[in-house]
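The values are calculated or read from the model by the stated rules, or taken from the named source; none is laboratory data. Since we're looking at a predicted model, the values are computed, not measured. Note that each Cβ is placed from the backbone with ideal geometry, even for glycine, and that neighbours are counted across all protein chains shown. Side chains included, ligands, DNA and RNA excluded: accessible areas come from the protein's heavy atoms. Shrake-Rupley method; radii C 1.70, N 1.55, O 1.52, S 1.80 Å.
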Amino acid sequence: MNVPNFGPGTDPGRLRDWARTVEGLGYDLLMVSDHVAITPDVAEQYPAPFYEPFTTLSWLAGITDSIRLGTTVLIAPYRHPLLVARMSANLNQLSGGRFVLGLGIGWAKQEFEALGVDFSRRGRLTDELVRDVRAAWENDADYRSGDIPIWIGGASDAGLRRAVRLGDAWHPLRQRVDWMRGKLDRLKEIADEEGLAVPGFAPRILLRLTPAPLPDEERVAGEGSLEQVIGDLTELRLLGAQTVVLDPFAGDPAETERPENAWRDLATVAASWHRGKEQK
């Protein structure tokens, strides 16, 4: 589950309610997003307040029991690798080994400028960060982390190659099932080219239930009738997904003031999924 950590309806109490609701419904992973400088290009989609992910997840770790906690996605070029290595290791230790580090290269040019980071080098900086973080975890006892999975976002060939070379799982965001099927084929081709194992598959999909089915050619995974959404989840499992992250944010910041709508959809999907498992 991707919890909105931004927008006019978000405050500590709302974040607490999200965490307890998601864990209470039986979901096993809670993730939040990342932005540092809420520049105009960011604010258009994800307005302030925007709660920093490591701080937020550390706080949520103390008010939850067993749900895993992660970033979807941390924008890798924004932070020094040793800072990411230490914060990830500390969060994993403080949460009892529950942390998942999802990483991406970023997209907001104005935010890169505000942080003094070269937008054109964001792919290379991400590669360097992942390598340096892993080296710190493996070679320096002061950064010892336990087992933290690294999920790599990105849809280009460069992103897929990054996932093969450096990631434990490929983490695509809000796409169609047929698109993901084609990219998984390409992921396997790249793994063969590199002589490496195919990474895991952990997509993040939209969650938007509609009263009636939507035309398949007009919807992304997780959007449509309950039957369509359950069908998407089943198909993604058959494609090898170990985890599917549901994202109920459809793009209007005002949604953050009405979380009950998303909670209802999450409860409906969870109940239907568990019924299906019991019937098998």
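Do we find a residue being farther than 19 Å from M31 by Cα, open to solvent by less than 10 Å² (accessible area, probe 1.4 Å) and touching a residue at least 40 places away in the same chain (Cβ under 8 Å) anywhere in the stretch 97-113? Checked against the condition, which is being farther than 19 Å from M31 by Cα, open to solvent by less than 10 Å² (accessible area, probe 1.4 Å) and touching a residue at least 40 places away in the same chain (Cβ under 8 Å), the stretch 97-113 yields at least one hit.
Only one of the listed residues (D147, D168, D178, D185) is over 26 Å from W107 (Cα atoms), open to solvent by 60 Å² or more (accessible area, probe 1.4 Å) and not aromatic (F, W, Y). That residue is D147. The set of residues from the stretch 246-265 being without any contact (Cβ under 8 Å) to a residue 60 or more places away in the chain, of a type in the set (D, E, K, R) and surrounded by fewer than 17 Cβ atoms within 10 Å (Cβ to Cβ) comprises D252, E260, R264. Being at pLDDT below 95 and out of contact with any Ser or Thr (no Cβ under 6 Å at 6 or more places or on another chain) is the requirement here; does E217 meet it? Yes; evaluated as a whole, the condition is true for this residue.
Determine, yes or no, whether L173 is in contact with a strand residue (DSSP E or B) (Cβ under 6 Å, 6 or more places away or on another chain) and either closer than 23 Å to V84 by Cβ or among the polar types (S, T, N, Q) (or both). Criteria met by L173.
Residue-wise test of (1) at pLDDT 95 or above; (2) among the hydrophobic types (A, V, I, L, M, F, W, C); (3) over 16 Å from the mean Cα position of the chain (by Cα).
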residue	(1), (2), (3)
D41	yes, no, yes
F54	yes, yes, no
G62	yes, no, yes
D65	yes, no, yes
R68	yes, no, no
I75	yes, yes, no
H80	yes, no, yes
R86	yes, no, yes
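Results for (1) touching a Leu at 6+ places or on another chain (Cβ under 6 Å); (2) open to solvent by less than 40 Å² (accessible area, probe 1.4 Å); (3) under 25 Å from L166 (Cβ atoms), shown as yes or no for each residue.
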| residue | (1), (2), (3) |
| --- | --- |
| D41 | no, yes, no |
| L60 | no, yes, no |
| D65 | no, no, no |
| S88 | yes, yes, yes |
